[in-house]
Amino acid sequence: MEKLVRIIDQLPLSSRAYTAQDGTPRTFHSRGFLLTDGIDEFYAEMTGDAALSCPELDRTVLHAVQAQIRQRTYQDKNGTTRYENQVYITRIA
């Protein structure tokens, strides 16, 4: 997906330690964004090195964002299957 958006809010960098499948310690980096295209508002997340190197972006201008949308299936506490869309930013300029 590619859209022209305005940044409503750019959340601070979040980092957490985890253990990779091969047993090595790693750090997961992410940064959340609240975005709008003028009609819809949505949350999108940047992860990895891109999140680590992303500066504070200008909220007064339009940005071109490339994102990947994935769906996640999960069970709620009542055992009902629920679905959620997750938006991951691959590039923002």
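With both residues required to sit in the chain, DSSP beta bridges show an antiparallel share near 95%.
Applied to segment 21-37, the Karplus parametrisation 6.51 cos²θ - 1.76 cosθ + 1.60 on θ = phi - 60° returns per-residue 3J(HN,Hα) values of 4, 8, x, 7, x, 9, 10, 9, 10, 8, 9, x, 9, 9, 10, 9, 9 Hz, with x for Gly and Pro. Considering only P12, I39, G79, the residue lying farthest towards the positive end of the dipole of the chain is G79, judged by Cα position with unit charges set on Cβ. Derived scalar couplings between HN and Hα for segment 53-60 equal 9, 6, x, 5, 9, 5, 7, 8 Hz in order, rounded to whole Hz, by the Karplus curve 6.51 cos²θ - 1.76 cosθ + 1.60 (θ = phi - 60°), x for Gly and Pro. Basic side chains Lys and Arg get +1 at the Cβ, acidic Asp and Glu get -1 at the Cβ, and with that the dipole of the chain about its Cα centre reaches some 240 debye. For segment 19-38, the residues whose backbone nitrogen is under 13 Å from a point 7 Å from the Cα of Y88, taken along Cα to Cβ, are 29-31. If R0 equals 25 Å, the separation of the Cβ atoms of L34 and K77 corresponds to a calculated FRET efficiency of about 0.40.
Applying both filters, DSSP loop and at most 14 other Cβ atoms within 10 Å, to the trypsin sites (Lys or Arg not before Pro) of segment 45-74 gives R59. Across the chain, C-alpha contacts under 8 Å between residues 6 or more apart give a mean separation that, scaled by the residue count, equals a relative contact order of 29 percent. Between L11 and G32, F33, L34, the built amide H atoms are under 5 Å apart, and every one of these is 5 or more places off in sequence or on another chain.
Just so you know, all these numbers are worked out from the coordinates, no wet-lab data involved. For clarity, every value in this text was computed on a predicted model and none was experimentally measured. Glycine also receives a Cβ, built like all others from the backbone with ideal geometry; neighbour counts cover every protein chain displayed.
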